[in-house]
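One structure below.
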Amino acid sequence: MKKIIGFILLFSLLSTLLTGCEKNQNDKEQKEITIGYFPNINHVAGMVAEEKDFYLETLPNGVKVKYQYFPDGSAFMTAVETGEIEGGLVGPGPAMNHFASGAKINIVASGSTGGTVIMSRKNAGIDSPQDLAGKAFISPRVGCTHDVQFESQMEDDYKLTSDRVNGQMKHVTGKPATYHSMFTSKKVDVATVPEPWASFIEEKGSGKVLIDTDDVAWGRTLPAAVFVTSQELIDKDPELVQSIVDGHKQAIEFISKNPDEAKEIAIHKIQEITDQKLSKSVIDRAWRRIDFTYEIDENVLQEFSDASYELKFLKRKPNLEGLVNPRFLK
């Protein structure tokens, strides 16, 4: 009997050791995260973080990182909500709209402010915003950040609205990289343009500045890009989120200290993603319209979101309490 009991105890010990070894091996398996951003200058922190491997410096050992590029905020937000990506940079409009609609997401940092320019097509007969009645304007997406900036300003200052609400201006959507060709083909008359595409249009001569960044609604106070992740990831692994935000902060600090190298990175990444090579003069001009920062003003976000509701992009007046989670910036 003693031999049997001894055998059982030995078998139990071996099983425990083997299970522990298996668990340790599983713990050592490399995980992988995916970070998303757009090929716009407002998202250059994502490009710099990718090129300089900043996330690999701050992530736990063994965690790999991939990158995914998005054409618009709706696609990005869907990817965050479904867990396709862990987080990344997006315009504040989609982040706020999805949160107001019940999405369990958090803004954990800013990426940049400014960078939106209202441009009119060459020879479109537009000398001031008062000339926009009956004209067609383009934005990246219905209800996106640049769309809200444009439509809010047109309604407040010039009593002009889009055909979405039976107004005087026709609204179409498209990728900002195509706006130059949309101007040259005369398919649209006005564009609400994120940089660097405004500076690209200026250099090509297909359009002119109608309202520059400092005079666009919210100017440089509104975040042009915010860093978003899911509340589920924050609850499940706050240390991982902290390491991601730390990498993002390193990218912002690098941009501030090394603007020339950051510009070269932006030129390279935009060409890689969009197949369009932008000149240094375009990037230099665009850079002057943007401030890069990870700090965020919650009050401006609420004001902007209220405007989205007033423009009927949102069905209910939003309450953004809980959207911004500043704990990872401390």
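The values are calculated or read from the model by the stated rules, or taken from the named source; none is laboratory data. Computed from a predicted structure; not experimentally measured. Reconstructed Cβ throughout: ideal geometry from the backbone, glycine too, with neighbour counts over all protein chains shown.
One residue stands out among those in the stretch 304-330 that are part of a helix (DSSP H, G or I), among the aromatic types (Phe, Trp, Tyr) and at pLDDT below 95: the one that is nearest to residue 253 (Cα to Cα), which is 304. Residues that are among the polar types (S, T, N, Q) and either more than 13 Å from the chain's Cα centre (by Cα) or within 16 Å of residue 252 (Cβ to Cβ) (or both) within the stretch 46-77 comprise 58, 61, listed in sequence order. Among all positions in the stretch 197-210, there is no residue which is within 23 Å of residue 292 (Cβ to Cβ), in contact (Cβ under 8 Å) with a residue 24 or more places away in the chain and part of a loop (DSSP other than H, G, I, E, B). Which condition number in (1) in a helix (DSSP H, G or I); (2) over 15 Å from residue 145 (Cα atoms); (3) under 11 Å from the mean Cα position of the chain (by Cα) is the one that residue 93 fails? Of (1) in a helix (DSSP H, G or I); (2) over 15 Å from residue 145 (Cα atoms); (3) under 11 Å from the mean Cα position of the chain (by Cα), only one is false for residue 93: (2).
For the stretch 182-196, a tally of residues being of a type outside the set (A, V, I, L, M), in a helix (DSSP H, G or I) and surrounded by fewer than 24 Cβ atoms within 10 Å (Cβ to Cβ) returns 1. Among the residues in the stretch 153-165, are any in contact (Cβ under 8 Å) with a residue 12 or more places away in the chain and buried (at least 24 other Cβ atoms within 10 Å of the Cβ)? Within the stretch 153-165 (the criterion being in contact (Cβ under 8 Å) with a residue 12 or more places away in the chain and buried (at least 24 other Cβ atoms within 10 Å of the Cβ)), the answer is yes, since at least one residue qualifies. Return yes or no: is residue 301 buried (at least 19 other Cβ atoms within 10 Å of the Cβ), modelled with pLDDT of 95 or more and closer than 29 Å to residue 165 by Cβ? No. Provide a single number: the residues in the stretch 57-89 that are surrounded by 15 or more Cβ atoms within 10 Å (Cβ to Cβ), closer than 16 Å to residue 227 by Cβ and of a type in the set (S, T, N, Q). Final tally of qualifying residues: 1.
Residue by residue, here is whether (1) aromatic (Phe, Trp, Tyr); (2) in contact with a helix residue (DSSP H, G or I) (Cβ under 9 Å, 6 or more places away or on another chain); (3) modelled with pLDDT of 95 or more holds:
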{"position": "122", "(1), (2), (3)": "no, yes, yes"}
{"position": "134", "(1), (2), (3)": "no, no, yes"}
{"position": "137", "(1), (2), (3)": "yes, yes, yes"}
{"position": "140", "(1), (2), (3)": "no, yes, no"}
{"position": "149", "(1), (2), (3)": "no, yes, yes"}
{"position": "157", "(1), (2), (3)": "no, yes, yes"}
{"position": "189", "(1), (2), (3)": "no, yes, yes"}
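When restricted to residues that are under 17 Å from residue 105 (Cβ atoms) and either small (Gly, Ala, Ser) or surrounded by fewer than 19 Cβ atoms within 10 Å (Cβ to Cβ) (or both), the stretch 304-319 contains 4. Here is a check on your reading of the model: is residue 138 outside any helix (DSSP H, G or I), farther than 30 Å from residue 257 by Cα and in contact with a Phe, Trp or Tyr (Cβ under 9 Å, 6 or more places away or on another chain)? It is true that residue 138 is outside any helix (DSSP H, G or I), farther than 30 Å from residue 257 by Cα and in contact with a Phe, Trp or Tyr (Cβ under 9 Å, 6 or more places away or on another chain).
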